[in-house]
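Each remark here refers to the structure printed beneath this line.
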Amino acid sequence: MGAQDISSRQFAALGRMMIRPLLLKPQWMNGLSERLLVSHYENNYGGALRRLNAVRARLAELDWAHTPAFEIIGLKREELIAAGSVILHEIYFESLGGHGDNPPVLAEPRGTLAQALERDFGSVHSWRVEFTTMAKALAGGSGWAILAWSKRLSRLVNQWAADHAHALAGAHPILALDMYEHAYHVDFGAKAAAYVDQAMANLNWERIDARYRMAIGKGTEEDHLFLPFGAPAQEEARISPEELKLALEDKGDRRPVLLDLCLPRDLPRRADMLAGASMHAPAALARWIEELPRDRPIAVYCICGFQVSGTAVTELRRRGYHARALVGGITAWHAIGGPTVPLDSSTYEEGP
Ligand SMILES: [Fe+2]
């Protein structure tokens with residue numbers, strides 16, 4: 001089997017947790033900086049994911065009968081902490097962001113979740129007061145403020161969590177607010193309360209509501225809500241960072257050609273690139289498309305895997321090229337620990 005034949009499902013079957021892309025546009029959030037959000041995503045979420053995969057790999061090769069108990073317990077403890085961190089960070093990041101290409105707007109929960117909050121807390125306002133006060137009470141410490149659905153308790157609960165492994169048994173987290181200092185220190189210093197208010201002003205209630213409906217078994221076909229805005233809709237037009245990393249180990253003609261696309265206004269946001277990639281302006285497609293081979297796979301990436309790579313891949317595929325867009329862009333590539341080299345923009349087209 002060639003490297004490019006390995007699908008996401010097969011990675012999962014191997015016990016590997018795969019990165020989830022950012023759904024928020026980090027440069028357009030209200031009062032949460034790109035520097036903070038991207039560092040948090042790449043280093044803390046990505047770090048937890050890398051740690052989890054490393055622990056799982058160690059567990060997979062463990063001689064259980066002859067390993068000392070303290071080593072087994074140590075690994076299992078690390079596995080639990082890393083898995084909790086990965087899952088809660090995914091819920092956190094997916095709970096933030098605007099709709100499509102728009103920045104977030106201060107909104108209230110609607111639909112099924114709003115009714116459930118009214119039922120269980122008296123009103124949405126009462127829930128919000130309780131949730132934010134609980135989160136602010138974690139200032140100076142660390143942990144998570146979680147809104148979770150408990151089937152056994154038959155209600156939504158605001159749950160305090162002292163760390164990544166602290167959960168209400170059997171409950172489904174709907175919304176998770178990261179109260180570790182790394183989630184806010186870059187922008188807010190020690191002012192955790194200001195961070196809580198700002199995070200609450202960036203919530204994407206459509207996705208949180210969808211998560212609640214999935215938790216109570218009433219979720220429908222809403223995969224589009226959890227796909228980066230502008231990414232190609234067809235799965236075969238996308239490539240995960242893990243698949244790309246493996247595909248790049250191929251030295252033959254199945255190794256993907258790497259295309260780095262960046263809008264002129266986004267050039268100042270860039271510092272590095274994938275080794276061997278050539279960098280181009282999306283608007284100059286008519287010029288750079290001539291360089292692309294028709295008999296090789298092509299992997300196209302941009303900063304976060306939104307419409308810059310998505311639009312180009314759709315066009316390339318329409319013209320018969322074997323192009324796929326990197327899910328989550330170079331940001332997700334960083335988060336899985338993918339190697340990069342300093343940015344070389346010598347191939348970038350000037351002007352229209
Ligand atoms: Fe975090």
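Observations
- In the stretch 226-328, counting only helices (runs of 4 or more DSSP H) that sit wholly within it, the ones holding 3 or more residues that are more than 30 Å from Pro103 (Cβ to Cβ) span 241-247, 285-288.
- Residues considered: Leu96, Leu117. Of these, the only one that is in contact with a Ser or Thr (Cβ under 8 Å, 6 or more places away or on another chain) and open to solvent by less than 30 Å² (accessible area, probe 1.4 Å) is Leu117.
- Residue among Ile81, Ile91, Ile87 that is under 20 Å from the mean Cα position of the chain (by Cα), modelled with pLDDT of 95 or more and open to solvent by 70 Å² or more (accessible area, probe 1.4 Å): Ile87
- Residues in the stretch 29-48 that are in a helix (DSSP H, G or I) and more than 13 Å from the ligand (Cβ to nearest atom) were compared, and the one that is most open to solvent (accessible area, probe 1.4 Å) is Arg35.
- Residue within the stretch 126-141 that is open to solvent by less than 30 Å² (accessible area, probe 1.4 Å), among the aliphatic types (A, V, I, L, M) and away from the ligand (no atom under 15 Å from the Cβ) present: no
- For the stretch 244-265, filtering for residues that are within 22 Å of Glu315 (Cα to Cα) and open to solvent by less than 20 Å² (accessible area, probe 1.4 Å) leaves 7.
- Residue match in the stretch 201-213 (condition: modelled with pLDDT of 95 or more, out of contact with any Phe, Trp or Tyr (no Cβ under 8 Å at 6 or more places or on another chain), of a type in the set (S, T, N, Q) and within 16 Å of the ligand (Cβ to nearest atom)): yes
- Arg51 vs. criteria within 16 Å of the ligand (Cβ to nearest atom), part of a helix (DSSP H, G or I) and surrounded by fewer than 21 Cβ atoms within 10 Å (Cβ to Cβ): yes
- Subset of the stretch 178-195 (residues that are within 11 Å of Gly141 (Cα to Cα) and within 12 Å of the ligand (Cβ to nearest atom)): Met179, Tyr180, Glu181
- Number of the exception - Ala169 against (1) within 15 Å of the ligand (Cβ to nearest atom); (2) open to solvent by 40 Å² or more (accessible area, probe 1.4 Å); (3) within 17 Å of Ile81 (Cα to Cα): (1)
- Complete set of residues in the stretch 214-243 that are open to solvent by 40 Å² or more (accessible area, probe 1.4 Å), more than 15 Å from Tyr301 (Cα to Cα) and in contact with a strand residue (DSSP E or B) (Cβ under 7 Å, 6 or more places away or on another chain): Ile216
- All conditions in (1) out of contact with any Asp or Glu (no Cβ under 8 Å at 6 or more places or on another chain); (2) under 18 Å from Leu343 (Cα atoms); (3) open to solvent by 30 Å² or more (accessible area, probe 1.4 Å) hold for Thr311, with the sole exception of (2).
- Cross-chain or 6+ apart pairs with Cβ under 8 Å, the stretch 20-47 first and at pLDDT 95 or above, then among the charged types (D, E, K, R) and within 13 Å of the ligand (Cβ to nearest atom): Arg20/Glu90; His40/Asp178; Tyr45/Glu90
- Of residues in the stretch 329-352 being among the hydrophobic types (A, V, I, L, M, F, W, C) and part of a loop (DSSP other than H, G, I, E, B), the one surrounded by the fewest Cβ atoms within 10 Å (Cβ to Cβ): Leu343
- Residue list for the stretch 195-213, filter: hydrophobic (A, V, I, L, M, F, W, C), touching a residue at least 24 places away in the same chain (Cβ under 8 Å) and either in a helix (DSSP H, G or I) or open to solvent by 40 Å² or more (accessible area, probe 1.4 Å) (or both): Val196, Ala199, Met200, Trp205, Ile208
- Failed item in (1) touching a residue at least 40 places away in the same chain (Cβ under 8 Å); (2) among the hydroxyl-bearing types (Ser, Thr, Tyr); (3) surrounded by fewer than 19 Cβ atoms within 10 Å (Cβ to Cβ), with Tyr184 passing the rest: (3)
- Test: residue in the stretch 315-322 that is of a type in the set (A, V, I, L, M, F, W, C), at pLDDT 95 or above and within 22 Å of Ala233 (Cβ to Cβ): yes
The values are calculated or read from the model by the stated rules, or taken from the named source; none is laboratory data. Since the model is a prediction, treat every value here as computed from it, not as a measurement. Because the Cβ atoms are built from the backbone with ideal geometry, glycine has one as well, and the counts that use them run over all protein chains shown. Ligands, DNA and RNA are excluded from the accessible area calculation, which covers all protein heavy atoms including side chains. Shrake-Rupley method; radii C 1.70, N 1.55, O 1.52, S 1.80 Å.
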